[in-house]
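The values are calculated or read from the model by the stated rules, or taken from the named source; none is laboratory data. The structure presented is a predicted model; accordingly, all values stated were derived computationally and were not measured. As a convention, Cβ positions derive from the backbone with ideal geometry for all residues, glycine included, and neighbour counts pool all protein chains shown. What goes into the accessible areas is simple: the full protein's heavy atoms, side chains included, and nothing from ligands, DNA or RNA. Shrake-Rupley method; radii C 1.70, N 1.55, O 1.52, S 1.80 Å.
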Amino acid sequence: MSMTCRYAVQSCARQLRSVSSRRAPAQMLRVASPTKRFNSTEAAPANPKIAEIVDQISQLSLLETADLVSSLKSKLNIPDMPMGGFAAAPAAAPAVEEVEEAAPAAAEKSLFTLKLEAFDAGAKAKVIKEVKSLLGLSLVDSKKFVESAPKMLKENIPKDEAEKIIATMKDLGATVVME
């Protein structure tokens, strides 16, 4: 999650908590600044179902809110914004075109997903080192990754590269499946 998104989640959660704990009138919440919309209660949802959801979200901790945001991003296929924040939003339009172009390519099955199914206990150290070099993880993260098999190793890679990785991992004593 980008830093600006995390900041937005934190400030929204903080604002919702302060509003619900104070239960102050709307006139006291107004601030004479450009951020008026974040501090006013005029935009409160008229739909009771949405109001209930807002109340539930306002009671979440920051970690729970971050998990909620990441879950919604994955469920709704929302890409992470670049570190530029909202100023870089116009750059998101080409990403949508790339996704639309990638969809027909997936129908041809030119890109594959590799899944680490299992590994030999004696070859665990070699497999961890190879996963570390493939994914660019730290040694500790690579160890956790390998021990949590079966797990997705790489996604959206060409067939020839996938076959090379499968051959390398097979030589080391790991079972990798191409999907």
What distance in nm separates the simple spin-label points at Leu111 and Ile78, each placed 7 Å from Cα in the Cβ direction? 2.1
Built amide H within the under 5 Å cut-off of Ala149, gap 5+: none
Greater than 25 Å apart at Cα, pairs in Lys75/Lys170; Lys132/Lys170; Lys73/Lys126; Lys109/Lys143: Lys75/Lys170; Lys73/Lys126; Lys109/Lys143
Of the peptides 66-72, 122-128, 48-54, how do they stack up when ordered by the mean number of other Cβ atoms within 10 Å, highest first? 122-128, 66-72, 48-54
Over the alpha carbons of region 112-178, what is the largest minus smallest coordinate on each principal axis, giving the biggest first in Å? 28, 21, 18
Could I have the simple spin-label model distance between Glu64 and Lys49, label points 7 Å from Cα toward Cβ, reported in nm to one decimal? 2.2
Using the heavy atoms of the protein chains alone and a 1.4 angstrom probe, what is the accessible area of region 112-178 per residue in square angstrom? 59
